[in-house]
Amino acid sequence: MNVVILGGTGRTGGRVLRQLLSRDVRVCAVVRSAERLPAGVADDPRLTVVEADLLAMSDEQVREQVDGCDVVISCLGHTISAQGILGPPHDLVTRSVERVCKAIRDLRPAQPMRLILMSSVSVNRPGGLDTRRGRFERAYLWVLRGLVPPARDNQRAADFLRDVIAAADPHVQWVAVRPDTLKEGDVTEYALHEGLVDSLFRPGETTMANVAHFMCDLATDDRAWDTWQGKLPVIVNSRPA
């Protein structure tokens, strides 16, 4: 198996990268700075590092990275700082997903390619399916997306996959993983749900290691993929009985 990972130097993306290598998966990491790769992985023979900004690459260069891979995992996100939240690019996640999907469509692989997107519980499923979210919370999110670019970006990326790719593209299959509040910690028991579990105002918790574990399962386990393909699963740490 060959996996391309975007955002492999981030807190969760680095864990995805490590866990993929531990599963003996060949990985191509497209990163802006190779110096920020997780410690100890740079010399792994299963890892290829491409130092580049995906949004600055030509269409041909994006196709070259995607060509021949089985899975693309995006852990791209906005840095938690004033510049990262309010500064450009405001549409990092959406544009990256669009560019990857275009590259896959241009390549027309014989078998559909898997695209796994790290999303957020602030992202809504369509048609009011997230019934756990009340009127006040929906209004709060509407304002948040208007004022905070990352919230708007995450929703638009998921909407693009759901509305554009699911409806018209036989070459791309996708899952958008929605973790709750990200925490440090090791892989533990965790639960997966189609809909929301907690309120934004009383959030649950998800270790980044658990998110990475689930995303790696989606990449390598056909049963996990068949269960969640085309969905927006919520992942939370299991709670004591």
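The values are calculated or read from the model by the stated rules, or taken from the named source; none is laboratory data. Values in this document were obtained by computation on a predicted structure and should not be read as measured data. Positions of Cβ are backbone-derived with ideal geometry, glycine not excepted, and every protein chain shown enters the neighbour counts. With ligands, DNA and RNA removed, areas are computed over all heavy atoms of the protein, side chains included. Shrake-Rupley method; radii C 1.70, N 1.55, O 1.52, S 1.80 Å.
Taking every protein chain into account, the accessible area of the chain amounts to 49 square angstrom per residue (probe 1.4 Å).
The string of couplings for the range 175-186 from the Karplus curve (6.51, -1.76, 1.60, θ = phi - 60°) is 9, 10, 8, 10, x, 8, 3, 7, 10, 6, x, 8 Hz, one whole number per residue in order, with x for Gly and Pro. Roll a 1.4 angstrom probe over the protein heavy atoms and tell me the percent of accessible area of the range 1-118 that is carbon or sulfur. Exposed carbon and sulfur together represent 47 percent of the surface.
One decimal place: the segment Leu55-Ala42 gains 2.3 nm when fully extended, by the rule 0.36 nm per residue minus the C-alpha distance. Label-to-label distance, Asp198 versus Asp226, with points set 7 angstrom from Cα along the beta-carbon direction: 3.3 nm.
Comparing the chain with the 2.2 N^0.38 Å rule of thumb, its C-alpha radius of gyration ratio is 0.96 (two decimals). Taking amide H atoms as placed 1.01 Å from N in the peptide plane, the amide H of Ile5 lies under 5 Å from those of Cys28, Ala29, Val30, Ile73, each 5 or more residues away in sequence or on another chain.
Between the beta carbons of Glu64 and Asp169, assuming R0 = 35 Å, the FRET efficiency works out to 0.95 to the nearest 0.05. Taking GluC sites (Glu not before Pro) as exposed when DSSP calls them loop (any state but H, G, I, E, B) and at most 11 other Cβ atoms lie within 10 Å, what is the longest stretch of the chain free of them, the sites themselves excluded? The segment 1-183 is the longest one with no such site.
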